[in-house]
Ligand code: KG4
Ligand code: ZN
């Protein structure tokens, strides 16, 4: 069963082809176009520009993936596409294109939850990973801790009450004068700084739950930045970047530790764009060692949005008998969609 996966929920156009037959899925080819350069002048993603660019990229990327894999359209068994959550217009482009392909090729269409793609991405090329595990999902739009019991069996343990971890990186980076996307830029600047220079808040850390809150951090960063005046020394900015990163990492690490202690899960996986952050990986690795759990990350290529994770999640659902392969009739997109409801996709 060959699955074509399509991702257009935000600012990356991703297409991939996965062989879904047992024992483990196999990634045959993938292609990605990142729109970052198009959005940089605006300091963030412009939804209409994102939609238009997805339209331009989907056909060539799909042709490229089929050619790379040496697969003819007639051999593709199903088309899987991100149906949410994400930007409504961007999702509509992907689902519209996927519907057209599935109709033209006479194959079923499958809706995939974007966060399920992230959640299962550590399995790509890592056949040793097994359920159950604790998942820390940290992206530009979401921050969640989940107990993952199997494909489609996701128990939400805690999540952010306001900004996502990636948003905290992005907004703080903007306050420091760094370009979009702020996460990697802030991480780079932080390398030159002293993480103990500023004592920034660690919201909800003292509360026993597994929820997060990052909106207050952004305000604290804004206040510290303003206090530096118009021409702050580069070192002061780097110190603030390092302290900001340390505050985000500290909260993510400590809540993850609490979740491991509460659930007694033997394994942890980290998924989503912020999972690419080196300081976060270092802190989580040390914590996992101390808690005697094994920790897994997707390859860096699968941390940020991509088509491979969508095709892979589709393949794992299909293997688990949860594929919901519907006729290619067009899909409702779900810009807001809870992962706990992904089974009904
Ligand atoms: O998963 P993703 O590609 O898109 C969403 O589904 O949101 O995550 C994007 C987020 C952005 O907020 C970006 O700044 C952040 O991940 N990010 C990072 C790093 N690389 C990406 N944050 C911190 N450090 C990084 N190295
Ligand atoms: Zn994502």
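The values are calculated or read from the model by the stated rules, or taken from the named source; none is laboratory data. Treat the numbers as computed from the prediction; the structure is a model and nothing was measured. Neighbour counts run over all protein chains shown; Cβ positions are idealised from the backbone, glycine included.
If you go through segment 3-31 and keep only what is under 15 Å from residue 314 (Cα atoms) and either buried (at least 24 other Cβ atoms within 10 Å of the Cβ) or assigned by TED's automatic domain parsing to the domain that holds residue 167 (or both), you end up with 3, 4, 5, 6, 7, 14, 15, 16, 17, 18, 25, 30. Within segment 205-215, the only residue that satisfies the criterion of being at pLDDT below 95 and outside any loop (DSSP other than H, G, I, E, B) is 215.
Residue-wise test of (1) over 30 Å from residue 318 (Cα atoms); (2) within 16 Å of ligand 2 (Cβ to nearest atom); (3) in contact with a strand residue (DSSP E or B) (Cβ under 7 Å, 6 or more places away or on another chain); (4) at pLDDT below 95.
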{"site": "145", "(1), (2), (3), (4)": "no, no, yes, no"}
{"site": "148", "(1), (2), (3), (4)": "no, no, yes, no"}
{"site": "157", "(1), (2), (3), (4)": "no, no, yes, no"}
{"site": "195", "(1), (2), (3), (4)": "yes, no, no, no"}
{"site": "203", "(1), (2), (3), (4)": "yes, no, no, yes"}
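Looking for something in contact (Cβ under 8 Å) with a residue 60 or more places away in the chain, in the same structural domain as residue 335 (by TED's automatic domain parsing) and under 18 Å from residue 316 (Cβ atoms) - is there at least one such residue anywhere in segment 83-105? Checked against the condition, which is being in contact (Cβ under 8 Å) with a residue 60 or more places away in the chain, in the same structural domain as residue 335 (by TED's automatic domain parsing) and under 18 Å from residue 316 (Cβ atoms), segment 83-105 yields at least one hit.
Of everything in segment 94-117 that is touching a helix residue (DSSP H, G or I) at 6+ places or on another chain (Cβ under 7 Å) and within 16 Å of ligand 2 (Cβ to nearest atom), the residue that is nearest to residue 143 (Cα to Cα) is 115. The set of residues in segment 70-97 being under 19 Å from residue 19 (Cβ atoms) and within 25 Å of the chain's Cα centre (by Cα) consists of 78, 79, 80, 81. In this structure, residue 257 qualifies as away from ligand 1 (no atom under 16 Å from the Cβ), in contact with a helix residue (DSSP H, G or I) (Cβ under 8 Å, 6 or more places away or on another chain) and closer than 30 Å to residue 176 by Cβ.
Only a single item in (1) touching a residue at least 60 places away in the same chain (Cβ under 8 Å); (2) closer than 27 Å to residue 13 by Cβ; (3) more than 9 Å from ligand 1 (Cβ to nearest atom); (4) touching a strand residue (DSSP E or B) at 6+ places or on another chain (Cβ under 8 Å) is not met by residue 123, and it is number (4).
Only one entry in 91, 101 is closer than 17 Å to residue 309 by Cα and in a helix (DSSP H, G or I), namely 91.
Cβ separations smaller than 9 Å between residues 6+ apart or across chains give no pair from segment 142-153 residues that are in the same structural domain as residue 115 (by TED's automatic domain parsing) to residues that are in a strand (DSSP E or B) and surrounded by fewer than 24 Cβ atoms within 10 Å (Cβ to Cβ).
Annotation: of all residues in segment 287-301 being in a loop (DSSP other than H, G, I, E, B) and either free of Cβ contacts under 8 Å to residues at least 60 places away in the same chain or in contact with a strand residue (DSSP E or B) (Cβ under 9 Å, 6 or more places away or on another chain) (or both), the one that is nearest to residue 266 (Cα to Cα) is 293.
When 237, 284 are checked against the criterion of being in a helix (DSSP H, G or I), away from ligand 1 (no atom under 15 Å from the Cβ) and in contact with a helix residue (DSSP H, G or I) (Cβ under 8 Å, 6 or more places away or on another chain), 237 stands alone in meeting it.
Within segment 54-65, the set of residues being in contact with a helix residue (DSSP H, G or I) (Cβ under 9 Å, 6 or more places away or on another chain) and surrounded by fewer than 21 Cβ atoms within 10 Å (Cβ to Cβ) comprises 55, 59. Answer yes or no as to whether residue 125 is assigned to a loop (DSSP other than H, G, I, E, B) and either within 16 Å of ligand 2 (Cβ to nearest atom) or within 14 Å of the chain's Cα centre (by Cα) (or both). Criteria not met by residue 125.
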